[in-house]
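Each remark here refers to the structure printed beneath this line.
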Amino acid sequence: MAKRTIVTLPGDGIGRVVLEETLRVLEAAGFDANYVEGDIGWEFWRTEGNPLPQRTIDLIEKHKVALFGAITSKPKEEASQELDPSLKDNSLVYSSPIVGLRQHFKLDICIRPCRTYPGNPLNFIRRGAGGEIEEPEVDVVIFRQNTEGLYGGVEWSDPPGKVYDAFLTHSKFKKNFGDVPKEEISISTRIFSRKATERILIASFDYARKYGYKSVTLCEKPNVIRETSGMMYRLAKEIQQKDYPEIQLWNTNIDAQMMWLTKNPENYGVIVAGNMFGDIVSDGFAGLIGGLGFACSAQFNDEGVAVFEPTHGSAPKYAGYAESIVNPVAMIESACMMLDFIGEDKMSARIRNAVAKTISRGEVQTYDMKKLKGSEDVLTKGAASTGQMADAIINNF
């Protein structure tokens, strides 16, 4: 059988080192693949005016599956200032390349598992009714609609006349903003389509059924955001009642959910939300399992194109260290999600078991696991480097 080709997208900052260490783990586990690197990130924005060159899109279109490290994004004005001088007068506007990938390939289904590893010193703990310390087991999988909502990119500052006039037809806009000068207004839209909303809801219920979760929680704000969140809640009820009666549908508001996730996180199973609220609640639950160093994700469409990435950023302050100190587990877990996607379940289980052994034994811990402040000297204080953590996982196969 021909080797599968995987597109690797190191990106910026720590993206390259966590990706390189993950490829070592994959090789040690027996995953035999060809890797082709795609250009993405800040350097290509700065030198080409495009952080997502067409050649990279072409690679993903050809090979379908990609492992992504991390990217750096900066505000509009700062991004423009860092362009090569030859590009500064071309009216170029920076946009996130990972958001661009999601929208180009319609990677509308995003899955973000948040599961505790026994023995992780960063696991969430709380005080019980009798004063005893409790460490609840968190096993939550967030389904985030990945292409619409507030991340859809439909926005304006000093909106065009036709846009402004259209908004003026809404009584609340006219009442609350009609006397605000147009040039002082910025508008970001939150657009939900029925088709995409149904897809993410069905995907979440399918996952709950397949893996034995008893509930799906819709985490939105339908009592206030009545049209978009309201549509999502209405569709969730219809889908649950018609096709998934054995699975409970819970409804929580995003603000209350952020309180409850530290009160009773073990009660939740699958959570589904729109783009922004899914992003928020997944980071909240990631904090309960050890932080972004343990937060993995998958995003895919219905045509077999998939990108797997840790949800942490590029952490540029750590990128220049002589020896990398960052935790590679989130990237390694993202690679395990890739293995699951392509049918290599036994291999992904082998890697996850090795990660679990490494964490439970507690002999090798990155600086975050030792609760040290990130700095170059943490290695002299007993923290493992990125490479040493990968070595420990490999040694536990």
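The values are calculated or read from the model by the stated rules, or taken from the named source; none is laboratory data. Here the structure is a predicted model, which means the values were calculated and not measured. Neighbour counts are summed over all protein chains in view; Cβ atoms, including those assigned to glycine, are modelled from backbone coordinates with ideal geometry.
List of remarks:
Here is a yes/no grid of residues against (1) exposed (fewer than 14 other Cβ atoms within 10 Å of the Cβ); (2) modelled with pLDDT of 95 or more; (3) under 27 Å from Arg115 (Cα atoms):
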site: Gly149; (1), (2), (3): no, yes, yes
site: Gly161; (1), (2), (3): yes, yes, no
site: Leu168; (1), (2), (3): yes, yes, no
site: Phe192; (1), (2), (3): no, yes, no
site: Glu198; (1), (2), (3): no, yes, yes
site: Leu201; (1), (2), (3): no, yes, yes
site: Ser215; (1), (2), (3): no, yes, yes
site: Glu220; (1), (2), (3): no, yes, yes
site: Val224; (1), (2), (3): yes, yes, no
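- Residue ID - surrounded by the fewest Cβ atoms within 10 Å (Cβ to Cβ), chosen from residues in the stretch 122-147 that are acidic (Asp, Glu) and closer than 21 Å to Val270 by Cβ: Glu137
- Some residue of the stretch 291-299 being buried (at least 24 other Cβ atoms within 10 Å of the Cβ) and over 20 Å from Phe124 (Cα atoms): yes
- Test result for Ser86, in a loop (DSSP other than H, G, I, E, B), farther than 24 Å from Glu37 by Cα and without any contact (Cβ under 8 Å) to a residue 40 or more places away in the chain: no
- Any hit, the stretch 236-252, residues being closer than 24 Å to Val99 by Cα and buried (at least 19 other Cβ atoms within 10 Å of the Cβ): no
- Scan of the stretch 1-38 for residues that are under 21 Å from the mean Cα position of the chain (by Cα), farther than 15 Å from Val65 by Cα and not in a helix (DSSP H, G or I), ordered by number: Gly11, Asp12, Gly13, Ile14
- Near pairs, Cβ below 7 angstrom, 6+ apart or cross-chain, from the stretch 15-31 (touching a residue at least 60 places away in the same chain (Cβ under 8 Å) and among the acidic types (Asp, Glu)) to any residue that is part of a loop (DSSP other than H, G, I, E, B) and surrounded by 24 or more Cβ atoms within 10 Å (Cβ to Cβ): Glu21/Pro328
- Any chance Val378 is over 24 Å from the mean Cα position of the chain (by Cα), β-branched (Val, Ile, Thr), part of a helix (DSSP H, G or I) and modelled with pLDDT of 95 or more: yes
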